[in-house]
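Please read the structure below before turning to the comments.
The values are calculated or read from the model by the stated rules, or taken from the named source; none is laboratory data. These figures come from a predicted structure and were not determined experimentally. Cβ placement follows ideal geometry from the backbone for every residue including glycine, while neighbour counts extend to all protein chains displayed.
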Amino acid sequence: MTRPVPSRRHAIADDLRHQISTGHFKAGERLPSEVQLATHYTVSTPTLRSALALLQGEGLVEKIHGSGNFVRRLRKITYVGGVGTSSIPPLRVTVRTTNLEALGDLPALLNVPPLSPLTELLYVTHDEKAPHSLARICVPRDLAPTGCPSPEQMRARLADLRPPLSEIQERLGARLPTEEESTALRISTSLPVLSLTRVATNTVGRVVQAALIVLPGDRADVLFTTRLMPDEGTPTE
């Protein structure tokens, strides 16, 4: 039985994929221009762009407007469930604080009336110049921190709240990114992301924080650990 001949765009994508996997093109390196690649493979520019789109969809290549196509850095981030921390390599973090009103899904998420005053902190992590992941943290305005605290400061602040926390609920799902998320993270809209919603509630039943975290699926995993207590009377070493 004869095997089907791959299309030109698939053949080009296979060759570039091989060059990336063997280190000919290294992480963070700019690929030759689209005109140069089209000339090299003797194809039209649209065919070449179609081949690059396959690699962009796989998360191997990212196109930066005005700069060209680059081999993506695939540094892994591990989200550690239950405590709201992330085990990551050293990454640069930017934060933007915005006052807003509870609209859309936020009233139900934070258990507040529509239009209630909230403060949103938008965190974007960067691996050098490339965006890596993003998190939107929404808190009631009266609990909002001053300034632009780091993720570590926000976690410490949450742990010190009074009344103290009684529950952190996390919901994890996989989906395709929104247009806004794909633009912010510079990923293809066909690359799945891990979407994690974390809601923190204190001992009097008030939701004190809701975090909406988006992690590109090709550079993230999630770790949940359940610690089981031994039965009474069961000897432990």
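Observations, loosely collected:
- With respect to (1) at pLDDT 90 or above; (2) exposed (fewer than 14 other Cβ atoms within 10 Å of the Cβ), the lone exception for SER116 is condition (2).
- Considering HIS40, HIS126, HIS132, the condition of being assigned by TED's automatic domain parsing to the domain that holds ARG17 and either modelled with pLDDT under 95 or out of contact with any helix residue (DSSP H, G or I) (no Cβ under 8 Å at 6 or more places or on another chain) (or both) is satisfied by HIS40 alone.
- Filter pass, VAL5 being at pLDDT below 85 and under 30 Å from GLU152 (Cβ atoms): no
- The set of residues from the stretch 132-165 being among the basic types (Lys, Arg), free of Cβ contacts under 8 Å to residues at least 40 places away in the same chain and either closer than 30 Å to ARG72 by Cβ or in contact with a Pro (Cβ under 8 Å, 6 or more places away or on another chain) (or both) comprises just one member, ARG157.
- Scanning the stretch 192-204 for residues that are touching a residue at least 24 places away in the same chain (Cβ under 8 Å) and either in a loop (DSSP other than H, G, I, E, B) or under 20 Å from ASP105 (Cα atoms) (or both) gives PRO192, VAL193, LEU194, LEU196, THR197, ARG198, VAL199, ALA200, THR201, THR203, VAL204.
- For THR146, the stated conditions do not hold, so it cannot be described as of a type in the set (Ser, Thr, Tyr) and closer than 21 Å to GLU180 by Cα.
- Single match in SER182, SER188, SER150 (criterion: over 19 Å from ASP105 (Cβ atoms), in contact with a strand residue (DSSP E or B) (Cβ under 8 Å, 6 or more places away or on another chain) and of a type in the set (S, T, N, Q)): SER150
- Inter-residue pairs, beta-carbon under 7 Å, first outside any strand (DSSP E or B) and among the hydroxyl-bearing types (Ser, Thr, Tyr) and in the stretch 168-191, second surrounded by fewer than 17 Cβ atoms within 10 Å (Cβ to Cβ) and at pLDDT below 95, 6+ apart: SER182/THR189; SER188/GLY57; THR189/LEU176; THR189/GLU179; SER190/GLY57; SER190/LEU176
- Elements of type helices (runs of 4 or more DSSP H) contained in the stretch 26-131, each with 2 or more residues being out of contact with any strand residue (DSSP E or B) (no Cβ under 8 Å at 6 or more places or on another chain), of a type in the set (Val, Ile, Thr) and without any contact (Cβ under 8 Å) to a residue 24 or more places away in the chain: 34-41
- Residues of the stretch 25-42 classified as crowded, with 18+ Cβ neighbours inside 10 Å and farther than 18 Å from ARG75 by Cβ, total: 3
Results for (1) under 22 Å from LEU122 (Cβ atoms); (2) in contact with a Ser or Thr (Cβ under 8 Å, 6 or more places away or on another chain); (3) not assigned by TED's automatic domain parsing to the domain that holds ALA135, shown as yes or no for each residue.
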{"residue": "SER166", "(1), (2), (3)": "no, yes, no"}
{"residue": "GLU170", "(1), (2), (3)": "yes, yes, no"}
{"residue": "GLY173", "(1), (2), (3)": "yes, yes, no"}
{"residue": "SER190", "(1), (2), (3)": "no, no, no"}
{"residue": "LEU194", "(1), (2), (3)": "yes, no, no"}
{"residue": "ARG198", "(1), (2), (3)": "yes, no, no"}
{"residue": "ARG206", "(1), (2), (3)": "no, no, no"}
{"residue": "ALA210", "(1), (2), (3)": "yes, yes, no"}
{"residue": "LEU228", "(1), (2), (3)": "no, no, yes"}
